[in-house]
Amino acid sequence: MAEPNNKEHRALIGQILKTAEDIFQGVRQIIPPEWLTSDITVAQLRVLLVLYTGGPSRMSSIASSIGIAISTATSIVDNLVKKGLVIRSDAPEDRRLVICTLSSEGQALINRLWMLSRGQIEKLLQGLTLEQLRKTAEVLGFILASAKESIEARGQAREGEG
């Protein structure tokens, strides 16, 4: 669990966020060219990521997940269907409901983007010493544990609402 939100705690969080911004600015210089030649918009990528992380979803769920109107989500999904990245189908229990699923091409695109990112991260990690790698692994373990706690807390809060 996190320590009290004292001055040093806030200052360290600020320092870490500033370092993360600096990393982002530096990594911008080594963005894989494949990312820049894609015809996928940011909005389309967001929908693809919702389907990747959440699995088959109703249009209302997609819209809610990324904070857009259902009509906007429908338009984005229509374009992704035309590109062969998403499949639309009727829900077996209610044919009025439309379920969106990543196609194999959509899954492959997300996997390709991850592998490009992974390759860039690996190149950056290659420049670290063994001790720095150990510390990095430890810190990432802390961040992962915090993320899991946050996800569990959100899930419990949603259960309490229902």
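Among all positions in the range 46-55, there is at least one residue which is at pLDDT 85 or above and of a type in the set (Phe, Trp, Tyr). Here VAL98 meets each of (1) part of a helix (DSSP H, G or I); (2) over 16 Å from the mean Cα position of the chain (by Cα) with one exception, condition (1).
Within the range 90-107, being exposed (fewer than 12 other Cβ atoms within 10 Å of the Cβ) and either closer than 17 Å to ARG58 by Cβ or among the hydrophobic types (A, V, I, L, M, F, W, C) (or both) holds for ASP90, PRO92, GLU93, ASP94, ARG95, ARG96.
ALA91 meets all of the listed conditions (1) touching a Lys or Arg at 6+ places or on another chain (Cβ under 9 Å); (2) in contact (Cβ under 8 Å) with a residue 40 or more places away in the chain but one, namely (2). Restricting attention to the range 62-95 and to residues that are assigned to a strand (DSSP E or B) and hydrophobic (A, V, I, L, M, F, W, C), the residue that is nearest to LEU109 (Cα to Cα) turns out to be VAL86.
Looking at ALA108, ALA145, ALA91, which is the one that is more than 30 Å from ILE40 (Cα to Cα) and either in contact with a Gly (Cβ under 6 Å, 6 or more places away or on another chain) or not polar (S, T, N, Q) (or both)?
On the way: ALA108 fails: more than 30 Å from ILE40 (Cα to Cα); ALA91 fails: more than 30 Å from ILE40 (Cα to Cα).
Of the residues listed, the single one that is more than 30 Å from ILE40 (Cα to Cα) and either in contact with a Gly (Cβ under 6 Å, 6 or more places away or on another chain) or not polar (S, T, N, Q) (or both) is ALA145.
Every condition in (1) among the basic types (Lys, Arg); (2) touching a strand residue (DSSP E or B) at 6+ places or on another chain (Cβ under 7 Å); (3) in a helix (DSSP H, G or I) is met by LYS123 except one, and the failing one is (2).
The values are calculated or read from the model by the stated rules, or taken from the named source; none is laboratory data. The model shown is predicted, which means the values in this text are computed figures rather than measured ones. No Cβ is skipped: glycine too gets one built from the backbone with ideal geometry, and neighbour counts run over all protein chains shown.
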